[in-house]
Every structure is written in C-alpha cells, then in structure tokens.
There are 2 protein chains.
Amino acid sequence: MSKQMVLEKISQAVDILKEQNVDMWMTFVRETGNIKDPMMEMIVGTNATWESAFIITKDGSTEAIIGSLEVANMKTIGTYQNIRGYLKSVHDDLLQVLNKYKPQKIAVNYSQNSSLADGLTHGMYLQLMKYLKGTPYADRLISSENIVAALRGRKSPAELEIMKEAIKETLLIFDKVTEFLRPGVSEQEVAEYVKNITREKGFGFAWEEEYCPSVFTGPDTAGAHSGPTDRKVQRGHVINMDFGINYKGYCSDLQRTWYVLREGESKPPYEVMHGFNTIVKSIELAAEAIKPGKQAFEIDDVARSYIVKNGYNEYPHGLGHQVGRAAHDGGALLAPKWERYGNLPYMRLEEGQVFTIEPRLTIENYGIATIEEEVVITKDGCEFLSPPQKEIYLIK
Amino acid sequence: MSKQMVLEKISQAVDILKEQNVDMWMTFVRETGNIKDPMMEMIVGTNATWESAFIITKDGSTEAIIGSLEVANMKTIGTYQNIRGYLKSVHDDLLQVLNKYKPQKIAVNYSQNSSLADGLTHGMYLQLMKYLKGTPYADRLISSENIVAALRGRKSPAELEIMKEAIKETLLIFDKVTEFLRPGVSEQEVAEYVKNITREKGFGFAWEEEYCPSVFTGPDTAGAHSGPTDRKVQRGHVINMDFGINYKGYCSDLQRTWYVLREGESKPPYEVMHGFNTIVKSIELAAEAIKPGKQAFEIDDVARSYIVKNGYNEYPHGLGHQVGRAAHDGGALLAPKWERYGNLPYMRLEEGQVFTIEPRLTIENYGIATIEEEVVITKDGCEFLSPPQKEIYLIK
C-alpha cells in the first residue's frame, strides 16, 4: 500500500477511535516476515523484525516504537509521526509513550471472532502483559475487533473503483474459460489455463494458489476449498469455478456455472435448470433483503430458507463474506448463527461494505450449482458490483 | 512443501515428542489466508479456513479436525491419517480426539521467545480455552517452542543439499553485482538489477522484497533493514549488500563488501583494510568457537569483544540467526543477553543447525564493513556452507 493510502486509513482510524471512544490503538508485533499481523499493511505500511509497537491515538498522533536498526526505514516509509528506536528492550520506550498519553482504553489486535483483528499472538500478548505489569495499563486492554471491522468494512470511493476494475478483469477471464471448456479437459487443465492468463496479465491471486481457481466438474466433485483434480469435463456435467484476482492490492471473488450439453440436447434438463434458477433467485432475494442496520444472519437466512423450501439441502457454509484487501475481509459475515462463526453473524450491516453472495446446492447426478456475486451496501439497500449471472453458460 | 517432505517432518516431530516426553502437539488455526501459523507449511502442508486443529501424538498418530468443506482437500493433500470434518463447531470433535488420547502434556504454538513457535493468536488461545473449560486439558497446555526449535533447527542431509545450492546460486548473483558496480549507479539501480536476475532465474526472495537486497554505499547510509535509496556509488565508498533467495523452499542469507578505488589508488586505504580485516577475523574466531552444547550468546561474545577490542563500536544486533525455510529460522540465536532476544541467546547449539555469522562495524568516512556467511554445526565444530569472503572486492 502506498504511503498516501496508509495515511488515509490512519486518518479514517482516528475518526473511528473517536466514534467508538477508544483512546489508543496499538499494533504490537515482531518478525513479521515469519507471521504478520493482518493490519500491518493497512495502518503501518512496512515490516518489523524486533518487538515493535505501532500506536494511533484518538487525538490523531502516531507513534512507532521499533528496533533501532529499522528507524531509517521507518522514516523513509513516512507513515508515522513519532519514531523511537530502541536497542535492548522495547520496555522503557513503550511505557514512556503510554505515560505520555495515559489512555483509559487501549485496543489491541486480539479477537475470538475475526481473524483480521487477531494478529497479536499469544506469546506477544504475554510479552505485553509482562511489560505492563504493575502499571495501570494492564487492565485497560480491549479487543480492536470493532475498530478493524469498521476500518476494513467501509470502503472509500477510490477503493470501490479499484474493486470494480478487479471484478471486470476477473469476469473477462471467466469469459475465456467459457471458450476453453469442452468435454475431455480436466479440472487441472482449466486451472492452469486460468493461472497462466492471470500471470500474463500481471495480476495476483486472491487466495492460496493451490485452489485459486477451484474448478468442479460433474456429480462426484470434492466440494469447495479443494484444489482442481484430473477429473475430466464430460457431457451432462454441471461445472463451476471459484476464482478471484488480486488487483492493485484488492481482491475479487466470483463464481460462475456452466452446463455441458449432451448429444442431442439444446438446453439443460429440468433438474439442472431448476437448481440453477433456485440459486439465481436466492441471490436476488438476499440482495433485496440487504440494508444498513440489519443483522448479517438475517440475509443468510433469506437465501438458505428459499433453497431449503425448494427441496435442496442447506449449504454447509455462510452465504457471503466481505471482500477487500483480503478475500475474506471485514467483520460482519452473512452466515448462520453457528458457533464456528462467533459473533460475526450478529453484527449489523453498514454502508460501504462489500459482500459476496454465494449460495450453493447439489443437483443430483449433475454437479454443484453455485454463483458468487459481489455487492456493495448503499444508503438503503445494495448494488451489484458484478453483473449477475442470470443464465447458465452452455458448452456445446 | 511436498507431501513426502511434510511426512518426513511429521516423523521427525514424533521422535522429538518422544525425546521431550510431550504426548501431543496441536496446531490450532483459522483463516490462514489472513494470518498463517509459521508451522503450517512444514507439518500440515495446506491451508485452513475455519477453526482447525492439526494434532501429532507421541505415538505417531495424526488427526486433522477441520471444516467439512475442506475434508476433500485434506484427503488429497494426504499428510494426516485421521480427518474429521465438522459443520457448526470444532468443539465436539476436538474433545473426542483429546479423550481418545488423554494427553498429559499438550504443546501448542505460543512462545514469548520464538516467533516461529508463536503462531497461536491470542483470540484463538481464548477460543481454545473456551472449548477446554471444565476438562482436565485446560491445565495441560505447554509451549511448543522446544519442539519447534528442534524440528526447524536440525537439518537433514537433503535439506542441507538444497541450502548449499541456494548459497551457490546467491553467490553467482553477488559476482554479477561486482561486474555491475561502478561510480554513479544508485543503490536502487543495483537492487533492481539483482531483483531482475533473481526473477529471471525463477528464484523467490528470502525476505520482504522492499529490502531484499539491501544495498548500502558510502559513509551516510541508512543501516541494516532499510530499502535501497537513490544514493549513488562514489569513489572512496565502501559498499555492501545483504541478499538472499528462496530456492526450492529454503532461504539463503549472505552479505559481501566492496570498495571503490579512488583515482590513483591501487588498494584501499588503511582504515578500510583494518575495518574489513577485523570483520573477517571476527568471523573466523566465532566459527572456531562454535560447538554443539555451547550457549548461543557465547559465540556472539567472541565476535563482539574482538570488534570492540579493535576500537570499533559493538554492532547493534545479534551476530547471527538460524536459516532454513525462513530467513530468520529456528530457536537458538547467536545474540547478546538483551531483553529483546528473550531466552534465545541462552539456548544450546545442536548439530545440524545452520547459522549466519554477520558482524558489522562502521568505518568512519567510508561506510559499513560487514560480511555474512552461513555455517552448519557439525559433531564437534562447524563447517562453512558459503566459501567465506577473505578479501574486499575492489571496483576500479
């Protein structure tokens, strides 16, 4: 992220600290080359080797306390106003900075709900508690999850522009796949084809390359979050692909569904059409239900119950997640109230959040029907960022 | 990492669990696309989206408890014997597996000392404690830092072979830099040149590209861990470069030093030679002192005190770190007993560990003298993996 974008996000963070009445937000890290707090890129803009604290205050001050060897780099990066380099231990400088601001509430990056607000490792938490022992600050730590959810969720117009471009580029690649698909090609061949185009165009991958894209053909596929196999496309298969790119630092995440006509068929059989159309309609209904202030699980429930009402099993995951610099971004999650999702389904929707909508159902003997669209929440509803797939793509 | 290499590391982990008398080692993660436990790659070999536990027992059993949508992928990856997919919460399966083995000691990845053994985030630690509440296991968690230190530190002959190749390829790139360096080229130009060669050869970078390589020319440079600037090479400059590649999953990490002769000079001035030779000698003395069983700080002290005795300030960092799949790898660290290094300087050296030796000193008015070599610890000493630089490279 450029210096300008980091400074914009820091400025947005200051507004959020005021709004949530939190005095200080501290990102406490070390050896980010080995394990990196997901917030570092957005609100710091560089790495840290030794124990380092990056502090943003409600008053708009920023303080970096870092290993002395990294002071010159931090000055070059230019995202923090005050920089302190230490030699032997972060302890003294950390306490000096805390005593300078005397915060009543200090948000740190731990969260049982959100991985993006959970960059503080347990060992580093214990280190921090060791340094704060005997000070009033030890009892003033709170989770940064609400700050992170707001900061990552509310997209600026500039961010939305980039995300729209990312979606457009991704759908061009889906179009190429429509030309490439034919009986006899394997899931792996489709994936290689997509990866090659992506690399040629200089894009990154939105998630781990081993299943970006995921490609599923026919009734016996492995299901979501699996890598492509040597299974071959056959006539009578429903095929789908889950794919996203990383474009100028922002991710796209989309799915499309195809059907390979059998000899003599001019359109898919009834079961395929019914399954596909159920997905299309469930997405429409979910999008109509989206509105700022609603709880995220309410939206999941609209699509889930429609699918079940139409005679299919419910999908074994949430309806949609936020997208941004990470493929799985933000706080609120369009998901049922299952324990594995923590409090994320209970969070309320806000204007400017970008969500996927990605229901799924199994069409017995044919394959999986699933479409994934991206929408942005507006003042009183939502808008599709991706032109939604309404017709199943046919392969002759 | 290939399935074969993960299985080898799991097998090595079982031996270490026996040796350290730990019943079970659990890696507990989620959303590894957002933040990834550094051990996942080595002992799991794939990613996880939902809360997942990867368990290795002293008896050699492996258990993966993962989101149901990732079961097919885990079977394809093939690194774990027993795989359980859950839908709504990891809770029940987790307790069933614990009750199956009834471990007295459960190592989990948190460590105040080592980032590589500290992949458990604080939020995930709290989740784990929530699941274990009311069971006998809540009190049986220990840090995995000694397991991780042994597993990452002890290199197999196959690993050493790859690391030797990585060093050889890296030094070929350093040779090209010797040809490229001339008065008037900037640090950034040198860095671009090195990055281009690295990409053309299909290698990765050993650490963050923004300072891989780091290039420092002349007396006014920024010091270690800074990106290259537009500062230009001039006659009378001491230049050095810190660079490593990622080769077949293993990192190299080396430094070399050059001097640009002034008009009329045929060799560097006395101050430059004295500084450079002090570095060379301090590396020789440190290498001679290395032996299994010694504490890591003892080695740092040999080089540090030699440099101070020769009239220079001590270097503001440790003498050397382990190298492996990460550029900063393993447990024991050749470093002074400063608080920022935790217990790592106190750990004892073991056969098979690969360390850098990288002292540094400032030559007033000329620049920084620093060399970084890599050595592997043998039964009764150490061997250089990199042919050590003994003469300063001259640019005419």
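The values are calculated or read from the model by the stated rules, or taken from the named source; none is laboratory data. Given the structure is predicted, the values throughout are model-derived calculations rather than measurements. Counting neighbours? That spans all protein chains shown, and the Cβs are built from the backbone with ideal geometry, glycine included. These area figures cover heavy atoms from the full protein model, side chains too; ligands, DNA and RNA do not enter into them. Shrake-Rupley method; radii C 1.70, N 1.55, O 1.52, S 1.80 Å.
Before moving on, here are some points about what is shown:
- Of the set (1) within 30 Å of A:His237 (Cα to Cα); (2) at pLDDT 95 or above; (3) open to solvent by 20 Å² or more (accessible area, probe 1.4 Å); (4) of a type outside the set (Asp, Glu), all apply to A:Arg348 but (1).
- The residue list B:Ser11, B:Ser89 contains one member that is in a loop (DSSP other than H, G, I, E, B) and either away from chain A (no Cβ under 14 Å) or over 21 Å from B:Ser143 (Cβ atoms) (or both), which is B:Ser89.
- Residues being under 17 Å from the mean Cα position of the chain (by Cα) and open to solvent by 10 Å² or more (accessible area, probe 1.4 Å) - total across the stretch A:354-363: 1
- Qualifying residue in the stretch B:270-285 (condition: assigned to a loop (DSSP other than H, G, I, E, B) and on the phi < 0 side of the Ramachandran plot): no
- For the stretch B:109-144, a residue qualifies if it is more than 8 Å from chain A (Cβ to nearest Cβ) and within 12 Å of A:His122 (Cβ to Cβ), and the qualifying residues are B:Asn109, B:Leu128, B:Met129, B:Leu141, B:Ser144.
- Only residues that are within 14 Å of another protein chain (Cβ to nearest Cβ) and in a loop (DSSP other than H, G, I, E, B) were counted across the stretch B:19-61, and they come to 18.
- A count restricted to the stretch A:47-74 and to residues that are of a type in the set (A, V, I, L, M, F, W, C) and touching a residue at least 40 places away in the same chain (Cβ under 8 Å) stands at 4.
- Tally, over the stretch A:194-212, of residues that are assigned to a loop (DSSP other than H, G, I, E, B) and within 14 Å of another protein chain (Cβ to nearest Cβ): 5
Yes/no matrix, rows are residues, columns are (1) small (Gly, Ala, Ser); (2) on the phi < 0 side of the Ramachandran plot; (3) modelled with pLDDT of 95 or more:
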site	(1), (2), (3)
B:Leu181	no, yes, yes
B:Gly204	yes, yes, yes
B:Glu208	no, yes, no
B:Asp230	no, yes, no
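- Taken over the stretch B:377-396, the criterion of being within 19 Å of B:Ile162 (Cα to Cα) and either open to solvent by less than 10 Å² (accessible area, probe 1.4 Å) or of a type in the set (Gly, Ala, Ser) (or both) is satisfied by B:Ile377, B:Ser386.
- Residue within the stretch A:294-317 that is part of a loop (DSSP other than H, G, I, E, B), within 18 Å of the chain's Cα centre (by Cα) and crowded, with 23+ Cβ neighbours inside 10 Å present: yes
- Candidate set from the stretch A:92-108 (those that are open to solvent by 10 Å² or more (accessible area, probe 1.4 Å) and not in a loop (DSSP other than H, G, I, E, B)); member that is nearest to B:Tyr125 (Cα to Cα): A:Leu95
- Filter pass, A:Tyr131 being among the hydroxyl-bearing types (Ser, Thr, Tyr) and either under 30 Å from B:Phe28 (Cβ atoms) or open to solvent by 20 Å² or more (accessible area, probe 1.4 Å) (or both): yes
- In the stretch A:62-82, of all residues being within 13 Å of chain B (Cβ to nearest Cβ) and surrounded by fewer than 18 Cβ atoms within 10 Å (Cβ to Cβ), the one that is farthest from the chain's Cα centre (by Cα) corresponds to A:Ser68.
Conditions tested, residue by residue: (1) under 22 Å from the mean Cα position of the chain (by Cα); (2) of a type outside the set (Asp, Glu); (3) closer than 17 Å to A:Asp59 by Cα; (4) not assigned by TED's automatic domain parsing to the domain that holds A:Ile55.
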site: A:Glu8; (1), (2), (3), (4): yes, no, yes, no
site: A:Ala13; (1), (2), (3), (4): yes, yes, yes, no
site: A:Ile16; (1), (2), (3), (4): yes, yes, yes, no
site: A:Gln20; (1), (2), (3), (4): no, yes, yes, no
site: A:Asp23; (1), (2), (3), (4): no, no, yes, no
site: A:Gly33; (1), (2), (3), (4): yes, yes, no, no
site: A:Lys36; (1), (2), (3), (4): yes, yes, no, no
site: A:Met39; (1), (2), (3), (4): yes, yes, no, no
site: A:Met42; (1), (2), (3), (4): yes, yes, no, no
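- Residue list for the stretch B:188-242, restricted to those being open to solvent by less than 30 Å² (accessible area, probe 1.4 Å), free of Cβ contacts under 8 Å to residues at least 60 places away in the same chain and aromatic (Phe, Trp, Tyr): B:Tyr211
Matching residues to (1) in contact with a Cys (Cβ under 8 Å, 6 or more places away or on another chain); (2) open to solvent by 10 Å² or more (accessible area, probe 1.4 Å); (3) farther than 25 Å from A:Thr356 by Cα:
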position: A:Ser144; (1), (2), (3): no, no, no
position: A:Pro157; (1), (2), (3): no, yes, no
position: A:Leu160; (1), (2), (3): no, yes, no
position: A:Glu169; (1), (2), (3): no, yes, no
position: A:Phe180; (1), (2), (3): no, yes, yes
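- Among the residues of the stretch B:364-376, those identified as within 20 Å of B:Gln234 (Cα to Cα) and buried (at least 23 other Cβ atoms within 10 Å of the Cβ) are B:Gly367, B:Ile368, B:Ala369, B:Thr370.
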